[in-house]
Amino acid sequence: MNWQQVDFKSSFLSNTVAPVDVQNPHYIVVSDGEILGLSAHEQWQPLSEDELRWSMLEIQSSHFLGLMADVPLFAVEVNGEAEEPEGYYFETLWSFLSSVDIDLFYLIGRAKQIVEWFQTHRYCGQCGGDTTSESADRSRKCKDCGLMFYPRLSPSIIVCVNKGQDILLAKNVNARANFYSVLAGFVEPGESIEETVRREVLEEVGITVKNITYFGSQSWPFPNSLMLGFHAEYDSGEINIQEEELSDAQWFPFNALPNPPAMISISGWLIQDFIQRAEAGLV
């Protein structure tokens, strides 16, 4: 397969049960949170069965991801203390964010999240018993108490707030100089998504919002978020930042923004969508 010509979005069919007769499998190899690549490839791609075997790395677990254009694709966990094999290299997931197709990045992120979920759920959090994989879906079950475990996802909101043609952007306390973005936060138990939007904006910058509208979503595997994006309009209040989270927050004209997020993340998509609507006179 020529991986550089694959349309990852349309060609990938997710599944949890591998075919009975696995032919020409390929592997996304995860070791201590990093991804294995082969130096001989011009660009990163999943490893073939031979390429994985030549690495001499010991496989500790294997997880079927699905079919990529009829090619079985697996996420495999190898020893996190193993040395980098000659001719191979390990890279962090962050490094793939700007170096591969965005849909391939999502697939690599999926592999990493599944491997790490398996690593942290070998034993039951309720009774300490061993867990086993279920055959019907991607889950693990405690042998002793029967408690079920599913891959962890952390739903989060991210919201672009506007006041007329101005956008509210904030700088995280840990952000590099002059990097501003839209507001985001995790959903609390018992909340609707819209309630989370209102609470997070009020907590972080002290204002209320109205006319909350859904924009879109993005899987964000740092470490396991599902980002749900929204637009919202300013309603009332003055900016009063939550200093534990933010170092600054301001209203910026849509055509005079500071250093915004890249267009590989939903934060960038939200901002760009607002700019386009503002330029068209729709806000």
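The values are calculated or read from the model by the stated rules, or taken from the named source; none is laboratory data. All of these numbers come straight from a predicted model, not from anything done at the bench. Positions of Cβ are backbone-derived with ideal geometry, glycine not excepted, and every protein chain shown enters the neighbour counts.
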Taking the stretch 33-58 and keeping residues crowded, with 19+ Cβ neighbours inside 10 Å and either within 16 Å of residue 82 (Cα to Cα) or of a type in the set (Ser, Thr, Tyr) (or both) leaves 35, 36, 37, 38, 52, 55, 57
Please verify whether the stretch 203-215 includes one or more residues that are in contact with a Ser or Thr (Cβ under 8 Å, 6 or more places away or on another chain) and either surrounded by 14 or more Cβ atoms within 10 Å (Cβ to Cβ) or touching a residue at least 12 places away in the same chain (Cβ under 8 Å) (or both).
-> yes
Which of the residues that make up the stretch 239-251 are part of a loop (DSSP other than H, G, I, E, B), surrounded by 15 or more Cβ atoms within 10 Å (Cβ to Cβ) and among the charged types (D, E, K, R)?
-> 245
Of the residues 11, 95, 99, which single one is in contact (Cβ under 8 Å) with a residue 24 or more places away in the chain, out of contact with any Cys (no Cβ under 7 Å at 6 or more places or on another chain) and within 19 Å of residue 222 (Cα to Cα)?
-> 99
Residue match in the stretch 59-78 (condition: in contact with a helix residue (DSSP H, G or I) (Cβ under 7 Å, 6 or more places away or on another chain) and not in a strand (DSSP E or B)) = yes
Residue count, the stretch 127-137, condition at pLDDT 95 or above, surrounded by 12 or more Cβ atoms within 10 Å (Cβ to Cβ) and outside any strand (DSSP E or B), comes to 2
If we scan the stretch 10-32, do we find a residue that is under 25 Å from the mean Cα position of the chain (by Cα), assigned to a strand (DSSP E or B) and loosely packed, with under 14 Cβ neighbours inside 10 Å?
-> yes
Got at least one residue in the stretch 218-229 being farther than 26 Å from residue 116 by Cβ and touching a residue at least 12 places away in the same chain (Cβ under 8 Å)?
-> no
For residues that are charged (D, E, K, R), crowded, with 17+ Cβ neighbours inside 10 Å and either under 20 Å from residue 253 (Cα atoms) or touching a residue at least 60 places away in the same chain (Cβ under 8 Å) (or both), tally how many sit in the stretch 140-172.
-> 2
For the stretch 173-198, the count of residues that are surrounded by fewer than 16 Cβ atoms within 10 Å (Cβ to Cβ), out of contact with any strand residue (DSSP E or B) (no Cβ under 6 Å at 6 or more places or on another chain), in contact (Cβ under 8 Å) with a residue 12 or more places away in the chain and not aliphatic (A, V, I, L, M) equals 0
State whether the residues of the stretch 186-205 include one that is hydrophobic (A, V, I, L, M, F, W, C), more than 19 Å from the chain's Cα centre (by Cα) and not in a helix (DSSP H, G or I).
-> no
Per the filter on the stretch 207-238, residues assigned to a strand (DSSP E or B), of a type outside the set (Ser, Thr, Tyr) and more than 24 Å from residue 252 (Cβ to Cβ) are 226
Lone unmet requirement of (1) closer than 20 Å to residue 225 by Cα; (2) among the hydrophobic types (A, V, I, L, M, F, W, C); (3) out of contact with any Leu (no Cβ under 9 Å at 6 or more places or on another chain); (4) not in a helix (DSSP H, G or I) for residue 94 = (4)
Among (1) over 22 Å from residue 105 (Cα atoms); (2) free of Cβ contacts under 8 Å to residues at least 60 places away in the same chain; (3) surrounded by 15 or more Cβ atoms within 10 Å (Cβ to Cβ), which single condition is residue 254 missing?
-> (2)
